[in-house]
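Enquirer: This is the structure I have questions about; it appears just below.
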């Protein structure tokens, strides 16, 4: 899963690889652990009303979904099923704006020059936008 990048070790000359099949074919990206960790480390962190911060994806699965599933499996009447409700954290999904994070990195003195060079290498020369996601063929050609 993409949130696993927060557990990456920073080993020189390695990349995090992510590929996914979509309705338009395979897409993915290869990214240095330093960049991946910076971009994705807090992506799924959500503050609860009590102030605790949790991983929204894990909480949605382990607490909200599993709790509702248990109620569904234990229900014996239609009214018990009708009474089951849940509210997922980040129900509308998570938006990743790589360009914002990449520009933050370029201005962050703690980010290595190697990472900054890698970011600059992915920039579109005309628009300045970062093009991280590519087709699997493009990723193969870049290897």
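Enquirer: Relative contact order, percent, of the chain when contacts are C-alpha pairs under 8 Å separated by at least 6 residues?
Expert: 24
Enquirer: Run the paramagnetic zone check for residue 30: 7 angstrom along Cα to Cβ, then residues of the stretch 107-143 with backbone nitrogen under 19 Å.
Expert: 114-124, 130-143
Enquirer: From the helices alone, meaning DSSP H stretches of at least four residues, give me the mean residue ellipticity at 222 nm for the chain, per-run term -39500 (n - 2.57), in deg cm²/dmol to the nearest 500.
Expert: -9000 deg cm²/dmol
Enquirer: Okay, moving on. Quick one: if the Förster radius is 25 Å, what FRET efficiency do residue 41 and residue 117 give, using the C-beta to C-beta distance and rounding to 0.05?
Expert: For residue 41 and residue 117, the calculated efficiency is 0.75.
Enquirer: Would you mind computing the Rg to Rh ratio of the chain from its alpha-carbon coordinates, Kirkwood style for Rh?
Expert: So for the chain, dividing Rg by the Kirkwood Rh gives 1.09.
Enquirer: What spacing in nm lies between the two simple spin-label points modelled at residue 87 and residue 103, each 7 Å away from Cα in the Cβ direction?
Expert: Once both label points are built, they end up 3.3 nm from each other.
Enquirer: Do you know the relative contact order of the stretch 44-95, to the nearest whole percent, from alpha carbon pairs under 8 angstrom that are 6+ apart?
Expert: Once divided by the residue count of the stretch 44-95, the mean separation gives 33 percent.
Enquirer: Could you compute the FRET efficiency for residue 78 and residue 110, with r as their C-beta to C-beta distance and R0 at 35 Å, rounded to 0.05?
Expert: 0.05
Enquirer: In addition: Quick one: work out Rg over Rh on the C-alpha atoms of the stretch 44-95, Rh as Kirkwood radius.
Expert: 1.07
Here, each number is a calculation from the coordinates, and none is a lab measurement. This is a predicted model, so every value here is computed, not measured. Note: ideal-geometry Cβ built from the backbone for every residue, glycine included; neighbour counts use all protein chains shown.
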